[in-house]
Structure formats: C-alpha cells, structure tokens
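Notes follow once the structure below has been shown.
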Amino acid sequence: MKAITWLATITVGVGAFGTWASAAATSDATPLAEPKQPAEAAHAATLDGWSADLDKALEQAKAGKKCVLVEFTGSDWCPPCIAMRKNVFSKPEFVTAASKNFILVEVDFPKGDKELAEQHEPLARKYKITGFPTVILLDAEGKEFTRFYASQFPKLEDFIKHLDEALEKKDLD
C-alpha cells in the first residue's frame, strides 16, 4: 500500500511541477503586443450628422443661413467628452433638433491619433480652448456668439434648451 501512496504522491508532484513550470515560463515571456491600428481606426469616427471640417461647415452655414456648433473634444481620453458623446451628441434626436439651426462640427484631439490632434491644434489656439469638452457657437459669418463647457448640460433636453436660449439671446443682441 505504501508503494501506491508513494507513486500517487510522485505523480501529483510531477504534474503540479509541470503546471507551475509552464505558468512560470508563460509569465516570464514577453507579453504579446497589441496589434497596431492605423491612425484612422485609433480614434473614434466622426458622429453621423457631424462634420470634421470647420471651413466647409462655415460655407454650408452661410448658404443655409444657419449657425455653427463646434465641439472641441478628446473623444478617447476625456471622461466628460465621452459621456457627452454617449448621452447627447450621438443621439439622433439631438442631431435632428440641433441641425435645424446649426451645422455640427467636431474638432477632436484623440490621444490615439496624434496626427489628427496636431492637425486640429491651430483651431484650439485660434479659439483659445482651455478645456474639454468646449462648445463654441458661431454665426454664419464665423463670429463667435457664445461658448460653454458641454458637460454643464449633460442631459439631451437641457443641452437643446441651452442652444435655443443661446440663439434667442444672439437674436436680441
């Protein structure tokens, strides 16, 4: 009987050592690198109903007698920006309501796409952006009439109401 117990102990011990050695070899190995994504895939695409080209949006605004809503965002690293995109900007109800009076423009500064962030840097300097998510409202001529942090209005209804109030105030001026 002692021989069977001894043999079982050795078998279990060898099996345990083999499992430990295998795990140790795996944990000491260099982890597999994440596959590199092209810069375009690294940053989230512009939302439906939104443009990424401010100059083109200003042309459309002039032609359509609309204003321009420009959102400066960090789509892949800024928690308030991510929340606003999810809860307000990506909603079809928002795009439909806001598009009646505004051409929508997203100026993104993603950490996953340094090239795009660098491309947008002149706009951030021109409009003196100091935080994200900043929204600037421009008239059809490109003149700023208000700015605010989008996260002040985290609910769809509140954001649309604020846009309507900003337009009313602009028309009174």
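The values are calculated or read from the model by the stated rules, or taken from the named source; none is laboratory data. These numbers come from a predicted model, not from an experiment. Heads up, the Cβs are rebuilt from the backbone with ideal geometry, glycines too, and the neighbour counts pull from every protein chain shown.
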Looking at this structure, is Thr134 touching an Asp or Glu at 6+ places or on another chain (Cβ under 8 Å) and either modelled with pLDDT of 95 or more or not basic (Lys, Arg) (or both)?
yes
For the range 92-118, how many residues meet the condition of being outside any helix (DSSP H, G or I) and under 23 Å from Lys56 (Cα atoms)?
12
Filter the range 72-96 down to residues that are among the small types (Gly, Ala, Ser) and either out of contact with any Asp or Glu (no Cβ under 9 Å at 6 or more places or on another chain) or under 12 Å from Pro154 (Cβ atoms) (or both), then give me how many there are.
1
Keeping to the range 41-60, report how many residues are at pLDDT below 75 and either loosely packed, with under 13 Cβ neighbours inside 10 Å or part of a helix (DSSP H, G or I) (or both).
3
Using the structure shown, decide if Phe102 is among the aromatic types (Phe, Trp, Tyr) and touching a Cys at 6+ places or on another chain (Cβ under 8 Å).
yes
Of everything in the range 119-148, what is part of a strand (DSSP E or B), hydroxyl-bearing (Ser, Thr, Tyr) and over 14 Å from Glu106 (Cα atoms)? Give them in sequence order.
Thr146
Go through (1) modelled with pLDDT under 95; (2) within 19 Å of the chain's Cα centre (by Cα) for Glu34 and report which single condition fails.
(2)
Could you list, in sequence order, the residues of the range 124-149 that are closer than 17 Å to Ala61 by Cα, in contact with a strand residue (DSSP E or B) (Cβ under 8 Å, 6 or more places away or on another chain) and not acidic (Asp, Glu)?
Val135, Ile136, Leu137, Leu138, Ala140, Gly142, Phe145, Thr146
Within the range 66-91, how many residues turn out to be in a helix (DSSP H, G or I) and touching a Lys or Arg at 6+ places or on another chain (Cβ under 8 Å)?
2
Mind counting the residues in the range 109-134 that are buried (at least 16 other Cβ atoms within 10 Å of the Cβ) and more than 14 Å from the chain's Cα centre (by Cα)?
5
Residue pairs, Cβ under 9 Å, 6 or more apart or interchain, first in the range 50-62 and under 15 Å from His120 (Cβ atoms) and acidic (Asp, Glu), second outside any loop (DSSP other than H, G, I, E, B) and modelled with pLDDT of 95 or more. List them.
Asp53/Val105
Check whether at least one residue in the range 150-167 is among the hydroxyl-bearing types (Ser, Thr, Tyr) and over 24 Å from Gln60 (Cβ atoms), and report yes or no.
yes
List the pairs whose first member sits in the range 136-156 and is more than 21 Å from Arg85 (Cβ to Cβ), whose second member is in a loop (DSSP other than H, G, I, E, B), and whose Cβ atoms are under 7 Å apart, counting only residues at least 6 apart or on separate chains?
Ala140/Lys65; Ala140/Lys66; Phe145/Asp139
